[in-house]
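Chemist: After the structure tokens below, expect a handful of questions from me.
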There are 2 protein chains.
Amino acid sequence: MTPARTDHEARRHDVSEAVWRVLAEHGFAGLTLRAVAAAMGASTGLVTHYFAGKHELIAHALDILETRTRQRPRLKAPASGLPALRAHLLNILPLTSEGVAMNRIWVGSWDVALSDPALFAAQATRYDRIRAVLCTAIEDARRLGELPVEADAQRLAATALSFTHGLVVQALFAPDSFPPEHQIELVDDFLATLAAGAGRPA
Amino acid sequence: MTPARTDHEARRHDVSEAVWRVLAEHGFAGLTLRAVAAAMGASTGLVTHYFAGKHELIAHALDILETRTRQRPRLKAPASGLPALRAHLLNILPLTSEGVAMNRIWVGSWDVALSDPALFAAQATRYDRIRAVLCTAIEDARRLGELPVEADAQRLAATALSFTHGLVVQALFAPDSFPPEHQIELVDDFLATLAAGAGRPA
């Protein structure tokens, strides 16, 4: 690897870091070439070297968001059933400062994604995929007798993801009322309510 | 009322309508003086007569959103208990085309609200108030024997609002998978699950 390549890679990394900081603080509404340049202490000209305009900047922002979400530290999900479902839900929530920044950026991305067909489709596919993962855990839990036999796995997956995404929003707007331990209690209450009918005659 | 006054009022109404259409189609990311002018078929200069800049435009957008939300047609909530809780939750969801537009704009507003202290405080207060309304219905339901005696009303209010807001997001991103009747089924399933323990010995 030549030194020039190394400099280029390092600079790309700096740009991505600056985009992340701008998003975490100002959201997509505040994401401009000028704001990214200011966050790097660089000229706007330098940033335009990486992004032709706002559209490319947003696309890069969503790439970073997707990559960081995939690579984030998280609870290893147990193999199956309710413990797996619990781990999946907790892995979504803003339980750490990095998790708060990431969720703030995800929630902020909904505004742009709802108006851009390609971003909309990517987001819709993402939620389909998450619901499918939750659905599998729910089917396992039902088979293991952890959930009532009559539980509708697809509906419960939609309900569980709804509950978790809405809890993200409430925790972002009221961090003092929803500290990490309270978010976890709410998830455990939610799962206990779902499980309450297990073992009873249908 | 002088004719001049009437013209002014009519023009203000046109501007608000244009802001609403821009938001419903392009979100806060697409809300610019130029876009509002284009939606009115007017010059940007005319729009700057109403808004000094982006900040005033966003503030007006949120005022319209709040007013239209307050004035929207909705189910009259029954006096108390689970039926009241159900009506409150259904009144939040995107069950009509107007409800879809309104929710799309609310969800889009989270990006700007998370980065502006005054908007953040307004949104946080709004959610406190909604949780308090849900909490009252839940306490009534518990007293009426519709929910288990051990139900924690504050926690359930937070869970119910989480579920509903997250369902809004999923329905916006997957309208074909979440038509109005399916959203209503999910709410009814959710309420039935909460109620399932009622009447059992604690």
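Chemist: Spelling out what I want: for every residue of the stretch B:88-97, take phi, set θ = phi - 60°, compute 6.51 cos²θ - 1.76 cosθ + 1.60 (Karplus), and round to whole Hz; glycine and proline get x.
Modeler: So the J values, rounded to whole Hz, are 4, 5, 4, 5, 7, 6, x, 9, 10, 5.
Chemist: To one decimal in nm, how far is A:ARG34 from the same spot in the other copies, if labels go 7 Å from Cα toward Cβ? Please give the shortest first.
Modeler: Reported distances to equivalent positions: 1.4 nm.
Chemist: In addition: Per DSSP H run of n ≥ 4, the term is -39500 (n - 2.57); total these for the protein assembly as shown, divide by its residue number, and report the mean residue ellipticity at 222 nm rounded to 500 deg cm²/dmol.
Modeler: Taking each H run of at least 4 residues, the total per residue is -24500 deg cm²/dmol.
Chemist: Now for a different question. Rounded to whole Å, give me the distance from the Cα center of the stretch B:49-126 to that of the stretch A:116-164.
Modeler: About 27 Å separates the Cα centre of the stretch B:49-126 from the one of the stretch A:116-164.
Chemist: Hey, another quick one. One quarter of the convex hull surface, Cα atoms only: what value does that give for the stretch A:3-69 in nm²? All intermediate terms of the calculation are to be shown ahead of the outcome.
Modeler: Values: hull surface 17.6 nm².
Seen from a random direction, the Cα hull of the stretch A:3-69 projects 4.4 nm² on average.
Chemist: Relative to the isolated chain, which residues of the stretch B:14-46 have their accessible area cut by 20 Å² or more in the presence of all protein chains (1.4 Å probe, heavy atoms, no ligands or nucleic acids)?
Modeler: SASA drop of 20 Å² or more in the stretch B:14-46: B:ALA29.
Chemist: Say a paramagnetic label sat at a point 7 Å from the Cα of A:LYS54, along Cα to Cβ; which residues of the stretch B:27-70 have their backbone N under 14 Å from it?
Modeler: The answer is B:27-38, B:54-55, B:58.
Chemist: Starting from a label point 7 Å past Cα on the Cβ side, list the distances from A:ILE184 to the same position in the other copies, nm, shortest first.
Modeler: 4.1
Chemist: How much of the accessible area of the stretch A:74-195, in percent, comes from carbon and sulfur atoms when a 1.4 Å probe is used? Don't skip to the answer; put the middle values down first.
Modeler: Numbers: 2740 of 4760 Å².
Ligands and nucleic acids excluded, carbon and sulfur reach 58 percent.
Chemist: List the residues of the stretch A:80-123 for which accessible area in the full set of protein chains is at least 30 Å² lower than for the chain on its own; 1.4 Å probe, protein heavy atoms only.
Modeler: Output list: A:ARG104, A:VAL107, A:TRP110, A:ASP111, A:LEU114, A:SER115, A:PHE120.
Chemist: Let me ask something else. Hey, can you list the residues from the stretch B:135-181 whose accessible area shrinks by 20 Å² or more with all protein chains present, relative to the chain by itself (probe 1.4 Å, no ligands or nucleic acids)?
Modeler: The answer is B:ARG155, B:ALA158, B:THR159, B:SER162, B:PHE163, B:HIS165, B:GLY166, B:VAL169, B:GLN170, B:LEU172, B:PHE173, B:PHE178 - residues whose exposure falls by at least 20 Å² when every protein chain is included.
Chemist: Quick one: which residues, 5+ away or cross-chain, put their amide H under 5 Å from the amide H of A:LEU147? H built at 1.01 Å from N.
Modeler: It is A:ARG142, by chain and number.
Chemist: Run the numbers on the stretch A:74-195 and let me know its relative contact order in percent, using alpha-carbon pairs under 8 Å that are six or more apart.
Modeler: Computed value for the stretch A:74-195: 34 percent relative contact order.
Chemist: Starting from a Cα-only point model with no solvent, please compute log10 I(q)/I(0) by Debye for the stretch A:152-200 at q = 0.16, 0.18, 0.21, 0.25 1/Å.
Modeler: One equal scatterer on each Cα of the stretch A:152-200 leads to -0.51, -0.61, -0.77, -0.95.
Chemist: For A:HIS49, go 7 angstrom from Cα along the Cα-to-Cβ vector, then report the distances to that same point in the other copies in nm, smallest first.
Modeler: Label point to label point, same position, other copies: 4.7 nm.
Chemist: Follow-up question, since we're still on this one. Give a residue-ordered list of calculated ³J(HN,Hα) values for the stretch A:65-81 (Karplus: 6.51 cos²θ - 1.76 cosθ + 1.60, θ = phi - 60°; whole Hz; x for Gly, Pro).
Modeler: 4, 5, 5, 5, 5, 5, 8, 5, x, 8, 4, 6, 6, x, 4, 7, x
Chemist: Return the FRET efficiency for the residue pair B:ASP14, A:ARG34: r is the Cβ-Cβ distance, R0 is 35 Å, and the value is rounded to the nearest 0.05.
Modeler: Calculated transfer efficiency: 0.60.
Chemist: Let me ask another. What shape does the stretch B:75-195 have by the C-alpha gyration tensor, where a ≥ b ≥ c are the square roots of the eigenvalues, rounded means a/c under 1.5, and otherwise prolate means a/b greater than b/c and oblate the rest?
Modeler: Working: a/c = 2.18, a/b = 1.30, b/c = 1.67.
Oblate, because a/c is 1.5 or more while a/b does not exceed b/c.
Chemist: Oh, and also: Enumerate the calculated ³J(HN,Hα) couplings along the stretch A:35-52 in order (Karplus 6.51 cos²θ - 1.76 cosθ + 1.60, θ = phi - 60°), each rounded to whole Hz, writing x wherever the residue is Gly or Pro.
Modeler: Using θ = phi - 60°, the values come out as 5, 5, 4, 4, 5, 8, x, 10, 7, 4, x, 4, 5, 5, 5, 9, 10, 5 Hz.
Chemist: Ok, one more. Taking the stretch A:136-202, which GluC sites (Glu not before Pro) meet the DSSP loop condition and have no more than 16 other C-beta atoms within 10 Å? Please report the intermediate quantities before stating the final value.
Modeler: Numbers: sites: A:GLU139, A:GLU146, A:GLU150, A:GLU181, A:GLU185; in loops: A:GLU146, A:GLU150.
Sparse-neighbourhood loop GluC sites (Glu not before Pro): A:GLU150.
Chemist: Could you run the numbers on buried accessible area between B and A, total for both chains, 1.4 angstrom probe, in Å² to the nearest 100?
Modeler: 3700
Chemist: Given a 1.4 angstrom probe, what's the average accessible area per residue across chain B, in square angstrom?
Modeler: 47
The values are calculated or read from the model by the stated rules, or taken from the named source; none is laboratory data. Computed from a predicted model, the values in this text were never measured in an experiment. Cβ coordinates were reconstructed from backbone atoms using ideal geometry, including for glycine residues, and neighbour counts include every protein chain displayed. Side chains included, ligands, DNA and RNA excluded: accessible areas come from the protein's heavy atoms. Shrake-Rupley method; radii C 1.70, N 1.55, O 1.52, S 1.80 Å.
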